[in-house]
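**Student:** The structure follows.
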Amino acid sequence: MQPARWVRWGGGRVIRTILLGMGVLSGGTAWGNSTAAAKPPLRWAADAEGGAPYIFKDPQNPDKYRGFEVDLAEQFEKELGRRIEFRQYAFRSLVPGLERGDFDFAMNGLEITPDRRKEILFSRPYYIYTLQLVARAGEKRFASLEECGKAKLLVGTLEDTAAARLLDQMTFAKKLYDSQVEPYMDLELGRIDAVLLDLPIAVYYARPNPKLKFVGPRLGEGYYAIGFRKDQRALAAQFDVALDRIFESGQLRRIYEKWGIWNEDQEKLFSGGKIADVLKESSRRWTFTVYFPLLLQGAIVTVELTFLSMLLAMAIGLPVALSRLYGPAPLRAAATLYVEFFRGIPVLLLLFLIYYSLPGIAARYDLPFTLRLPAFAAAILGFGLNYGAYEAEIYRAGIRSIPVGQWEAAASLGMSRPLCFRRIILPQAIRVILPPMTNDLVALFKDTSVVSIIAVEELTKEYQILSKSSMKYLEIGLATATLYLIMSVPLGYLSRYLEKKWGRGL
Amino acid sequence: MSHPLPVVINNVRKRFGERVVLDGMNLSVAAGETVAVIGPSGGGKSTLLRCINGLNTFDEGEIRVGSFILGPGGNHNHTAGVQQVRRLFGMIFQDFQLFPHLTALENVIEAPVHVLKQPRAEAQRRGRELLARVGLADRANAHPRELSGGQKQRVAIARAMAMDPRGLLCDEITSALDPELKSEVLTVLEALKREGLTLIVVTHEMGFARRAADRVVVLDAGRVIEDGPPSQVLEHPQMPRTQRFLSEVLS
């Protein structure tokens, strides 16, 4: 991080003079009276590093800053009658910086998110942003974000932004940057295939570049608002009132038009209630009948994932168990190695290896196939391999638990070993094997929740997405837990029932 | 019933690690003969039966069952493999070893259907017949856990008989039974003797040996130490080892 430095922001006076000259100042503000000078300046933090069009160093005069937020700050100075001092601060540290009291407010394209709202106080929004996908001018593979995702292309964006979260939710492969210049540079250089960022950024950095083009419609919608410490309600209220006036006076529109970021969306800013209402409204829209079908879809994926993985695990487990029990020495060693390896590594790591590393291996050794498994197939393969090791051990123990006398009795009746295994040993072993196998099924059922890391939208992932969108963490969490229980509790009973029924008489 | 087969054991040696179990064993059993094998535990009685059945291999000598010749290390002269000798002689175990997941009838028809490839209906008809002969016509659909020890052992006998063997090897088949259940099993065995099967019976039941055996053979330390008709071996044993064993068993 850069050393923090206080900057005397010098643009205000000039513009103030201009504005005075234009006669646009609305009446009734405290501007220019004696109290303005008496009050200490407000400290404003933002990240000016590559921060256009929000705030950035003026190329003509590196001591000064420009940007629509600089213009906005001037308006606030006038409306509030207080000086505003700018302080450079890393974007991702703005929230902790506020809490530490390093400055009075943060205005830097800060998106209103449920997470941030827990930590800081927001003013009413001053800009409705949308997201814009940008690609190289010659791009022909996709014409929308969806197509880009289907083609599994790499999308760059800023970390900890709405765009990054959207890409997460849509399970894109993404590359995260901590400044808004590099994504477009990497895009131009072909390191990434597209960039998804807030429209103001795209307007400023991508539109002027002939090698880049806008792709598809504007997406998503969110609010920039000014962040305050939670105990600064009074200050936040003053900003809200000031913002109202700046909008009504037409200044806000003028500033945005000057920076090419005005659009009709902005009309909505002051048509309705406050931002809290907007969030409440969105939360109200996530009713049970809206989110439950989505949760059910996730539950179906979970069930499919569980049973297909278990089938694969069983198909792997039996031959491995038989190899360990009766195979020739090399096969026995290979089976033991299999069990030790796949039982010994975390399934999470295994999923990563299958999903992310296999394609690389295929590419490096010029294999005639890609090994680029779809997420769902990769998940089944990962769990199948992992649980196959567990099943192999359960089967081995189950088969060994049948007394050797059973083999001998069958042999004395002229039965061959394979026949004896199939007709006499296996049917008995299955009764020993089934209860622990049902247990594994319940465990697998819940383990499948880790596949969200390779972007399979099963029940837990669906919960994460829905609860974040609606902020109904508790309600949707309980609904999700209920779905898990509805499915896993009967399995547990089945396990106990089988144990009771088949544990007898053997 | 097919004709019974003779068994000849010729100088068979068998060791488990350091321990010599069969020490140059010689024994001939004529076709249709019933031989009671007695002797102190550890004398090699069970091992002898298991070698005849091919469940254990041996190190030296030879065992002939009819024309089937078993040699050291599991070698044999039959193209159908060691399973063939097992079809000739059925084996009954001390602990029954019924298949617990199958009913009595299913236990009996399992090998006829899957080894002899008999039609299921035919095998079931024969199976019911056999169960009737061991007095269990009404227990055909019972699972082993629902049967008493004596009933289990009678099912095991029916199961062995279903393969139409030329003889039976019985390994202390009443040892796990209460006294009142022993007789029901031994009665079945005596009936099989009357049908002319070759029976080699390892037993501690001196009453049965005296009543039903044509010969009594005494095994000790892997050798036959006494061999003769029951009246001679049981009433007038020649060897001091036999005398001591008999006095211990009868007391």
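The values are calculated or read from the model by the stated rules, or taken from the named source; none is laboratory data. A quick note: this is a predicted structure, and the numbers were derived from the prediction, not measured. Heads up, the Cβs are rebuilt from the backbone with ideal geometry, glycines too, and the neighbour counts pull from every protein chain shown. We work out accessible area using only protein heavy atoms, side chains counted, and drop any ligands, DNA or RNA first. Shrake-Rupley method; radii C 1.70, N 1.55, O 1.52, S 1.80 Å.
**Student:** Report the charge-dipole magnitude of segment A:128-221 in Debye, nearest 20, computed about the Cα centre from +1 at each Lys and Arg Cβ and -1 at each Asp and Glu Cβ.
**Tutor:** 420
**Student:** In segment B:84-107, what residues drop by 50 Å² or more of accessible area when the other protein chains are put back, versus the chain on its own? Use 1.4 Å, and skip ligands and nucleic acids.
**Tutor:** The answer is B:86, B:97, B:99, B:100, B:101 - residues whose exposure falls by at least 50 Å² when every protein chain is included.
**Student:** Could I have the simple spin-label model distance between residue B:59 and residue A:265, label points 7 Å from Cα toward Cβ, reported in nm to one decimal?
**Tutor:** Inter-label distance under the simple model: 9.1 nm.
**Student:** Is the C-alpha gyration tensor of segment A:288-502 telling us rounded, prolate or oblate? Criteria: a/c under 1.5 is rounded; beyond that, a/b larger than b/c is prolate, otherwise oblate.
**Tutor:** It is oblate, given that a/c is not under 1.5 and a/b is not larger than b/c.
**Student:** Which of rounded, prolate or oblate describes segment A:128-221 when judged by the alpha-carbon gyration tensor and an a/c cut-off of 1.5?
**Tutor:** rounded
**Student:** Just to be sure I understand: if you take the accessible area of chain B alone plus chain A alone and subtract the pair, with a 1.4 Å probe, what total do you get in Å², rounded to 100?
**Tutor:** In total, chains B and A hide about 1900 Å² from solvent.
**Student:** Can you pull the one-decimal nm distance between simple spin-label points at residue B:26 and residue A:371, each 7 Å off the Cα toward Cβ?
**Tutor:** Between residue B:26 and residue A:371, the label points sit 7.0 nm apart.
**Student:** While we're here: Can you pull a Stokes-Einstein diffusion coefficient for segment A:159-273 at 4 °C (1.567 mPa s), Rh from Kirkwood over Cα pairs, as a whole number of µm²/s?
**Tutor:** The diffusion coefficient I find is 78 µm²/s.
**Student:** Here's a follow-up. Taking R0 as 51 Å, what's the FRET efficiency between residue A:231 and residue A:446 from their Cβ-Cβ distance, rounded to 0.05?
**Tutor:** Once rounded, the FRET efficiency stands at 0.75.
**Student:** Let me ask you something else. Report, please, the projected area of chain B averaged over directions, based on the convex hull of its C-alpha atoms, in nm².
**Tutor:** Average projection, Cα convex hull of chain B: 13.3 nm².
**Student:** Another one. Charges only on Cβ, +1 for Lys and Arg, -1 for Asp and Glu: so what's the dipole of chain B about the Cα centre, in debye to the nearest 20?
**Tutor:** Dipole magnitude for chain B comes out near 500 debye.
**Student:** Right, another one. Quick one: Kirkwood hydrodynamic radius for segment B:86-217, alpha-carbon pairs, angstrom, one decimal?
**Tutor:** The Cα-based Kirkwood calculation yields 14.7 Å.
**Student:** At a threshold of 8 angstrom on Cα-Cα distance, excluding pairs fewer than six apart, so keeping six or more, what relative contact order does chain A reach in percent?
**Tutor:** Reported as a whole number, the value is 13 percent.
**Student:** Among A:481, A:260, A:48, flag the residue with its Cα farthest along the positive direction of the charge dipole of the protein assembly as shown, charges on Cβ as +1 for Lys/Arg and -1 for Asp/Glu.
**Tutor:** Positive-most Cα among the choices belongs to A:260.
**Student:** Output the DSSP H helices from chain A with an along-axis C-alpha extent of no less than 30 Å and a mean Kyte-Doolittle hydropathy no less than -1.0.
**Tutor:** Those that pass (Cα extent of 30 Å or more, hydropathy at least -1.0) are A:288-326, A:375-400, A:473-503.
**Student:** Also, I was wondering about something else. Looking only at segment A:376-397, which residues have a backbone nitrogen under 16 Å from a spot 7 Å from the Cα of residue A:326 in the C-beta direction?
**Tutor:** Residues A:395-397 qualify, since their backbone N sits under 16 Å from the label point.
**Student:** Only protein chains counted, 1.4 angstrom probe. Which residues of segment A:409-436 are at least 30 Å² less accessible in the assembly than when their chain is isolated?
**Tutor:** A:409, A:411, A:412, A:413, A:414, A:415, A:419, A:423, A:424, A:428, A:431
**Student:** Now for a different question. Just how large is the dipole of the protein assembly as shown about the Cα centre, in debye to the nearest 20, putting +1 at every Lys and Arg Cβ and -1 at every Asp and Glu Cβ?
**Tutor:** Taking the Cα centre of the protein assembly as shown as origin, the dipole is about 340 debye.
**Student:** Shifting gears a bit: Residues of segment A:190-206 with backbone nitrogen within less than 16 Å of a virtual label 7 Å along the Cα-to-Cβ line of residue A:150, please, listed as ranges.
**Tutor:** Answer for segment A:190-206: none.
**Student:** May I ask for the distance between the Cα centers of segment A:149-182 and segment A:53-79, given as a whole number of Å?
**Tutor:** If you average the Cα positions of each part, the centres end up 28 Å apart.
**Student:** Okay, moving on. Go through B:55, B:189, B:222 and say which Cα lies farthest out towards the positive end of the charge dipole of the protein assembly as shown; charges sit on Cβ, +1 for Lys and Arg, -1 for Asp and Glu.
**Tutor:** B:55
**Student:** Could you rank the peptides A:167-177, A:323-333 by their average count of other C-beta atoms within 10 Å per residue, with the highest value first?
**Tutor:** Top to bottom by mean Cβ count within 10 Å: A:167-177, A:323-333.
**Student:** Show the residues, 5+ positions off or on another chain, whose built amide H is closer than 5 Å to the amide H of residue A:175.
**Tutor:** Close amide H contacts, sequence-distant or interchain: A:155, A:156, A:157.
**Student:** Taking the solvent-accessible surface of protein heavy atoms with a 1.4 Å probe, what is the per residue accessible area of the protein assembly as shown in Å²?
**Tutor:** The answer is 45 Å² per residue.
**Student:** Stokes-Einstein D for segment A:48-157 at 20 °C, 1.002 mPa s, Kirkwood Rh over Cα pairs, in µm²/s?
**Tutor:** Roughly 127 µm²/s, to the nearest whole number.
**Student:** Here's another thing I want to ask about it. Could you give the distance between the Cα centres of segment A:189-218 and segment A:388-410, to the whole Å?
**Tutor:** 63
**Student:** Going through the cross-link list A:150/A:446; B:45/B:193; B:14/B:45; A:118/A:174; A:152/A:461; A:57/A:258, which pairs have a Cα-Cα distance over 23 Å in this structure?
**Tutor:** Beyond 23 Å between Cα atoms: A:150/A:446; A:118/A:174.
**Student:** Measure off, as a whole percent, the carbon and sulfur share of the 1.4 Å-probe accessible area of chain A, all protein chains present.
**Tutor:** Carbon and sulfur atoms account for 59 percent of the accessible area of chain A.
**Student:** Looking only at Cα atoms, what is the convex hull volume of chain A per residue, in Å³?
**Tutor:** Taking only Cα atoms, chain A has a hull volume of 190 Å³ per residue.
**Student:** As a test, work out the antiparallel percent of DSSP beta bridges whose residues both lie in segment A:128-221, rounded to the nearest 5.
**Tutor:** 60
**Student:** Once R0 is set to 30 Å, what does the formula 1/(1 + (r/R0)^6) return for the Cβ-Cβ distance between residue A:141 and residue A:357, expressed as a FRET efficiency to the nearest 0.05?
**Tutor:** 0.75
**Student:** What is the calculated FRET efficiency for residue A:501 to residue B:16, with r their C-beta to C-beta distance and R₀ = 30 Å, to the nearest 0.05?
**Tutor:** 0.15
**Student:** Give me the residues in segment B:113-127 whose solvent-accessible area, probe 1.4 Å, is reduced by at least 20 Å² once all protein chains are included instead of the chain isolated.
**Tutor:** By number: B:114, B:115.
**Student:** Still on this structure: Report the antiparallel proportion of the DSSP beta bridges in chain B as a percent, rounded to a multiple of 5.
**Tutor:** If we restrict to bridges inside chain B, about 55 percent are antiparallel.
**Student:** Follow-up. At 7 Å along Cα-to-Cβ for each site, give me the label-to-label distance between residue A:341 and residue A:218 in nm.
**Tutor:** If labels sit at residue A:341 and residue A:218, their model points lie 5.3 nm apart.
**Student:** Still on this structure, please answer the following. Determine the percent antiparallel among the DSSP beta bridges restricted to the protein assembly as shown, to the nearest 5.
**Tutor:** 60
**Student:** Another question, if that's okay. Just name one of A:196, A:163, A:144: the one whose Cα is farthest towards the positive end of the charge dipole of segment A:128-221 (beta-carbon charges, Lys/Arg +1, Asp/Glu -1).
**Tutor:** A:144
**Student:** Using a 1.4 angstrom probe on the protein heavy atoms only, could you order A:136, A:218 from most to least accessible area?
**Tutor:** The ordering from most to least exposed comes out as A:218, A:136.
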